[in-house]
Amino acid sequence: MAVIDNAQLLDILKTNPNKKLIQQARETSEKLSLHILGQNIDKALQQNTYFENNEVFAERNRKPTSNADLYARLLQREEMVFTAKGGAAYYTGLNEAQSRQLNAKLDNIRFNITIRKWIKEFALQAYRTDPMGVIFIETDLKANSYPTYKSSECIWDYLPNGRQLEYICFRLKPSEAKQFLLAAGLPVTDSNLNVTSTEYSPIYFRFVDDETDRILKFENNTVQILDETPISFESVPAIRASDIIDFTNNQKLLSPISKTVELAETFLIDRSVRDLSKKYSGFPKGYEPILTCATCNGTGYLSGKACPDCTQAGSDKGTGIKLRTKPADIARFPMPREGQTGNIDPSKFFGYVTPDIKTWDKQDTSLNDIEATMNDTYWGTTNKQSTTGPTSTDKHAFKETATKTLQDLQPIYARLNQTADWAESTENAIVDFIGKQMFPDNFKESSRTYGRYYILETSDELMEQYLDMKQKGAPQAQMFDTLRKYCHSVYANDPIQLAIKLKLINVEPFVHQSITQIEATDIARIDFLCKVYFSEWLTTLDDGYLLVTKPEDLIKALIAFVGTKTALAPELLIQPTVGITETIRNTN
């Protein structure tokens, strides 16, 4: 435990011992927020004076497109971490009633959202854009605790121990210092507190260690404790956002997208150049013959003064020719002379020069290649054939097929699991603080897990894989697993149909075989007839009935339907035979 006395507190405020680390955190956050969120994009580009003058750079830097869309595409797949099936929650030391109370608290942790939703919307963004920022547990006047994100910008100093902190010192804005003092019932006498400046105050700080939460005024090398409150936690209620340690500096943490940042910078610059090229080459250049100004009949004067329609700025005489033509203007050509052949071809005199867009096309494909490389770097995969450069003729060159192998998907599973591991540890750390604060005598540890049932293949790929497994005689258990994954893929956005289809897999006899395949086998007569009439039986039922009825009751209903179609003995309609019971047992 780290408890900071007044002498140590004064030394920390004077020397700012971890200033370099905090400065690195701010610079890292600024760069990552630029690329992922598009913040401060107007300051991102730099002029290359060797290639562009001030005017060209000003145009290239005019409302440039950020990389926010690039990272939205790159990271979209990671949504699976928060939607995958499975997961559980268990709290060591709590009884059932206390667990329900804690779960109710976590279901509305803040802003009327669940703890998991908070992790996705706030902690995950901090993990990516501000890895050395802090997730801090605040406690209000009613002893209600909730997580908050504190950016590295508002941190003056902290002493890290992995993700944990021995102490943390926040910079305060004048409005924040005023709010703390008012909450503590202290008078607000400093005129500097009566402003709403967004800049941080040079004299007001908040300091939290393992015992107390203090509001400080540091001025003239002296520290005054304005308010001191014991914390209701066993340690500083904070963790740093990331769990990825930089091996070159074990106090520094990294963003999961850190290895893609250099590529993102190249993408940003190249796209700004591409967009400038579009402005240069995106407009066709028109050409036409010189037409006499109809206003002055080519004299350049009208009523003794310069013609208003053909006079250029700064001149006292008109040019006598049209400076700007309209579609209604007429160009007149002499009639062909005697002996001349051919008609007048207007396309030789009027038209547009189509700009060369080869460079523009090359820039587009180059951007595609950079994005593909970023995708490979982050997800650990091998992308399709490059859109630029020579095409490989090697027979072993990578080719995308309809069915991805497990080896193709392993890096993606690993990437998703890494994010899920971070989310689990972050969520459990938050719940540990809140659980110990709510039940200090009973709560020991939180064990909340995330589901890991990711569906990475498309429905077509899964069906092809399933049919291939059937053809090769794969084990029944593996075919059931692939068929269920297929249902999850097809009905990912329709939970009602998904539940029905998964249930029917457990009802249809010999689901992996056709009627023809089982007709010649030695199976119970009831099984065969249930297979024959299964599809017809389904047409008589509505989704509501299928959704609420248990599989075993659906089997009985199927047998009863078969009885209306055949002359089965009554005893076969009362209970399932051994054959159909075996079918159901094998599917569970």
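Summary of values
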item: Any hit, segment 442-458, residues being buried (at least 18 other Cβ atoms within 10 Å of the Cβ), in a helix (DSSP H, G or I) and in contact with a Phe, Trp or Tyr (Cβ under 8 Å, 6 or more places away or on another chain); result: no
item: Where a residue in segment 1-28 is on the phi > 0 side of the Ramachandran plot and its partner, wherever it lies, is of a type in the set (A, V, I, L, M) and in a helix (DSSP H, G or I), with Cβ under 8 Å and at least six apart; result: ASN16/ILE22
item: Condition check for ILE515: among the aliphatic types (A, V, I, L, M), free of Cβ contacts under 8 Å to residues at least 40 places away in the same chain and more than 28 Å from GLU457 (Cβ to Cβ); result: yes
item: Residues being hydrophobic (A, V, I, L, M, F, W, C) and assigned to a strand (DSSP E or B) - total across segment 217-234; result: 4
item: LYS503 being of a type in the set (D, E, K, R) and more than 30 Å from ILE109 (Cα to Cα); result: yes
item: Failed criterion for PRO17 (all others in (1) touching an Asp or Glu at 6+ places or on another chain (Cβ under 9 Å); (2) farther than 21 Å from VAL236 by Cβ; (3) not charged (D, E, K, R) hold); result: (2)
item: Cβ-Cβ under 7 Å pairs, at least 6 apart or on other chains, segment 153-171 side closer than 17 Å to LEU10 by Cβ and open to solvent by 50 Å² or more (accessible area, probe 1.4 Å), far side among the charged types (D, E, K, R) and not in a helix (DSSP H, G or I); result: TRP156/ARG171; LEU159/GLU166
item: Test set (1) under 40 Å from the mean Cα position of the chain (by Cα); (2) open to solvent by 30 Å² or more (accessible area, probe 1.4 Å); (3) farther than 17 Å from ALA557 by Cβ; (4) of a type outside the set (Ser, Thr, Tyr) - GLU508 fails condition number; result: (3)
item: Among (1) out of contact with any strand residue (DSSP E or B) (no Cβ under 6 Å at 6 or more places or on another chain); (2) modelled with pLDDT of 90 or more - the single one VAL188 does not satisfy; result: (2)
item: Filter result (part of a loop (DSSP other than H, G, I, E, B) and open to solvent by less than 20 Å² (accessible area, probe 1.4 Å)) within segment 114-151; result: ASP130, PRO131, MET132, GLY133
item: Selected residue (criterion: nearest to the chain's Cα centre (by Cα)) from residues of segment 125-171 that are more than 16 Å from ILE244 (Cβ to Cβ) and acidic (Asp, Glu); result: GLU153
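Here is a yes/no grid of residues against (1) open to solvent by 40 Å² or more (accessible area, probe 1.4 Å); (2) touching a Lys or Arg at 6+ places or on another chain (Cβ under 9 Å); (3) among the β-branched types (Val, Ile, Thr); (4) assigned to a helix (DSSP H, G or I):
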position	(1), (2), (3), (4)
MET469	no, no, no, yes
PHE480	no, no, no, yes
ILE496	yes, no, yes, yes
THR516	yes, no, yes, yes
PHE528	no, no, no, yes
TYR533	yes, yes, no, yes
GLU536	yes, yes, no, yes
THR540	yes, no, yes, no
GLY563	no, no, no, yes
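The values are calculated or read from the model by the stated rules, or taken from the named source; none is laboratory data. Remember, it's a predicted structure, so these values are computed and weren't measured experimentally. Here the Cβ is made from the backbone with ideal geometry for all residues, glycine too, and neighbour counts use every protein chain on show. The protein model used for the area step is the full one, side chains on, heavy atoms only, and it has no ligands, DNA or RNA in it. Shrake-Rupley method; radii C 1.70, N 1.55, O 1.52, S 1.80 Å.
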